[in-house]
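Shown next, in structure tokens, is the structure this report addresses.
The values are calculated or read from the model by the stated rules, or taken from the named source; none is laboratory data. Not measured: the values here are computed from a predicted model. With ideal geometry, Cβ positions are generated from the backbone for all residues, glycine too; neighbour counts draw on all protein chains shown. Accessible surface areas use protein heavy atoms only, side chains included; no ligands, DNA or RNA. Shrake-Rupley method; radii C 1.70, N 1.55, O 1.52, S 1.80 Å.
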Amino acid sequence: MKAISRRLPSGAVIPLITRSRILPTYIRTHRQYRQISSLQFTIPSSSSSSSHPPNLVTTTSPAKPHFKKILIANRGEIACRIIRTARKLGVKTVAVFSEADKGCIHVQMADEAYCIGPAPSSESYLNIDKILAVATATGAEAIHPGYGFLSESSVFAERIKDAGLVFIGPPTSAIKSMGSKRESKEIMTAAGVPCVPGYHGADQSPSALFKGAEQTAYPLLIKPTHGGGGKGMRIVRDPKSFEDELISAKREAIKSFSNDEVLLERWLEKPRHVEVQVFADTFGNTVALAERDCSVQRRHQKIIEEAPAPGLSPELKKDFAEKAVAAAKAVNYVGAGTVEFIMDAETGEYFFMEMNTRLQVEHPVTEMVTGIDLVEWQLSVAAGNSLPLTQDQIPCNGHAFEARIYAERPESNFLPDAGRLLHTKAPVNVPHRLETGFWEGDEISSYYDPMISKLIVHGPDRSSALSLLRSALGEYQVVGPSTNIEFLKSVAGHEVFASGPVETSFVPTYQTDLFPPRHIPTEVLAQAALYLTLRSENAHQVLSDGPWSRLVNRRFGDEVIKEYKIDDHLIKLKYVDQGYMISIDSEDWINIPSSQLNQEGIELISEIENDHVRSTIIPVASSGHGHGRSGEEKLHIFASSSHYIVNYQPTLLEDPSLSTSTSNGNNQDKLVSPMPATVIEVKVKSGDEVRENQVLVVLESMKMEISIRASKDGVVGEVNVEKGKVVQEGEVLVELAKQ
């Protein structure tokens, strides 16, 4: 392949770009650049290896030609998604990236890529001047904002227009109107679209908001009027906590959206989140492309979406579509947008919630049931073409699910996580669509949203699609940062979710079911011991290559018993003429006729009693920080569609009483950071009396605030942090005085 230099055009001057040169690599296909591991756009098929979404039809040839070159002002999987469609259409792409993203997939996929600043979004992906400088210098004709970052910024859209370029999105007037939830509700009310009762006033004084809260009544929802993604949203059930929650919501809103205006809404106890994908062109044509249900949420953010929404009558579906089209027409909308509704699951009453003036994260489920490439439509409409299909021509075939794979710890209230992707393996036996922006070995940074990938499946009906989702999640392997995959398996396998529609309260309502006690099966513990034994044998074989090398652990005429301390279990393994015998915690010996470890040293196939057991085992050495002890290994074992994590302590004859560390951060007197974060507020000082559950320190990580609360009544001893300090996971923030 001919090498193409990714440099700025000759003579171009971009003083605002931090690096005038970009990566010294050339454009290469994925396999040429680096072996594709697991996380990539994948649709297993015996007949096709297409790299773009399946069955997304290229509609009738547009009257006006596509852009020759576009810039993508985003990162990660959405940037990759846009590049794939652009390639299909013959449109050249320009990527921008921060210093933290220099090795990411979108940088390698684009025809050109330019570094625009350090990792913080404010210095890179939110820097309009730098993005426009790259677009102008590279000859891009249009800019696609993706979602998040500047995608719903009317200022950005206006600056693009002023620069003589095309914004691939709606007009600035629509962004402004829909960007303010207060103004949008006024417009929707005038257009006959029902809105949630509450306070939507422009007066943002504390007294006006307190009065509005009393009029709205509790429970209520505090919601920023600009932006989305659940950031800045607070449910308030007790008037006494309104002030603290209001301050926190405004603070998070100003950091996320540069605007701290909020509104108050009546909180529905059993709401469903139903939204409609709309599309409009500059010729007055507007269509609805089926509805989606996004009710499975945590922290007000969607984690599983599906299309079409289950349990809706044809009349209600039609009403949703008509109201969504009316909403779009009320603001002279153009391009892709989503009108979100909140629906009372008990009464069927529904209200307009907001309109997202961009492509949604969950757009693939709509693509799967309609067969329409929404990004292609975006590029076509932005180039000045009319919609290629009328409302009556838009199909809705089958059912689709999307599961968002996040780096987070569901068992710790879904706190985001970060770290290097040490091992990834996509499903291999299930038809699916996998969208991501990361390679194996890439870093999930605390600077950005912690989403790793999106797993999408499509079936002829909801039951079939859900079965595919369960199977695909069961095969998906990720080791590195903690993920929500096991949690998603619990959701997809829950009988209530399988039976049909659920409310947004589904996760807290079924908390116990979704977080069952984790029991490590006997065969998994046996596989761990076999893996350690075979790994040791293979290591000796490498060091002493010869016919007797594999007999290093065997003695003739004498019985050899190896012991392994795995979690709180003592596992004994002995060699026999045909294979091995294993005993766990002095229970009966288990016969293992055979066990083999593949050449890569991670795939283990064993015959345990009469069962054939296959596992993937990934060892991760403990750093000695946080909850682990130096010298320990965590073994990630993927077996029987589950992911188990066990701790291996190398000392063979270690006293079992030593297996529990006393310095694991559970001491109630020491309040520690649950993750890498930045301190944004310290609310106490040494000597202060505090009450149980009182907020002492507020942290920020991945644009989310985390309040560190006192675990008991007491007196503050030492405060080890100050505002602005960057802290690591496990770092002690505040110590309570011993009493």
Once you wrap a convex hull around the alpha carbon atoms of segment 203-289, what is its projected area averaged over all directions, in nm²? 7.6
Cross-link reach from Lys92 to aspartates and glutamates, straight Cα distance under 13 Å and at least 8 residues apart if same chain, gives Asp111, Glu112, Glu141
Let me know the Kirkwood hydrodynamic radius for segment 404-517, please, with Cα pairs as the basis and the value in Å to one decimal. 14.9
In the structure displayed, which of Lys250/Lys738; Lys270/Lys302; Lys231/Lys723 lie more than 26 Å apart, Cα to Cα? Lys250/Lys738
Carbon and sulfur atoms account, in whole percent of the 1.4 Å probe accessible area of segment 69-168, for 50
With equal scatterers on the alpha carbons only and no solvent term, can you work out the Debye log10 of I(q)/I(0) for the chain at 0.07, 0.09, 0.11 1/Å? -0.55, -0.90, -1.29
Sorting Thr172, Val325, Gly730 by the position of each Cα along the dipole of the chain (Lys, Arg +1; Asp, Glu -1; all at Cβ), the one nearest the positive end of that ordering is Thr172
Given Cβ point charges of +1 (Lys, Arg) and -1 (Asp, Glu) and nothing else, what value in debye, to the nearest 20, does the dipole of the chain about its Cα centre take? 2560
Using modelled amide H (1.01 Å from N, peptide plane; none on Pro or chain starts), what sits under 5 Å from the amide H of Glu731, excluding residues fewer than 5 places away? Ser673
Evaluate the charge dipole of segment 434-498 about its Cα centre and quote only its size in Debye, nearest 20, assuming +1 on the Cβ of each Lys and Arg and -1 on the Cβ of each Asp and Glu. 260
Counting only protein heavy atoms with a 1.4 Å probe and every protein chain in place, the carbon and sulfur fraction of the accessible surface of segment 404-517 in whole percent equals 48
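What net charge is computed for the residues neighbouring Pro593, neighbours being all others with C-beta under 13 Å from the C-beta of Pro593, Lys and Arg scored +1, Asp and Glu -1?
Details: positive: none; negative: Asp577, Glu607, Glu609, Asp611.
Around Pro593, the surrounding residues sum to -4.
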Suppose all protein chains stay in the model; what accessible area per residue would a 1.4 Å probe give for the chain, in Å²? 43
Relative contact order, percent, the chain [alpha-carbon distance under 8 Å, six or more residues apart]: 10
Under a 1.4 Å probe, counting only protein heavy atoms, Arg272 has an accessible area in Å², nearest 10, of 10
Just add up the charged neighbours of Ile160: K/R +1, D/E -1, any other residue whose Cβ is under 13 Å from the Cβ of Ile160. -2
Would you mind checking the pairs Lys176/Lys725; Lys185/Lys255; Lys255/Lys634; Lys64/Lys185 and listing those with alpha carbons more than 28 angstrom apart? Lys176/Lys725; Lys255/Lys634; Lys64/Lys185
Report the net charge of residues surrounding Leu525, where surrounding means a beta-carbon distance below 12 angstrom and charges are Lys +1, Arg +1, Asp -1, Glu -1. -3
Take Ile372, Ile645 and sort them by solvent-accessible surface of the protein heavy atoms, 1.4 Å probe, largest at the top. Ile645, Ile372
Rounded to the nearest Å, what's the spacing between the alpha carbon centres of segment 62-128 and segment 390-417? Just the number, please. 23
Rounded to the nearest Å, the spacing of the alpha-carbon centers of segment 468-516 and segment 247-280 is 25
At q = 0.12, 0.23 Å⁻¹, what log₁₀ I(q)/I(0) does a Debye calculation on the Cα points of segment 253-333 give, no solvent, two decimals? -0.49, -1.12
Enclosed volume per residue, in Å³, of the convex hull spanned by Cα atoms of segment 670-736: 64
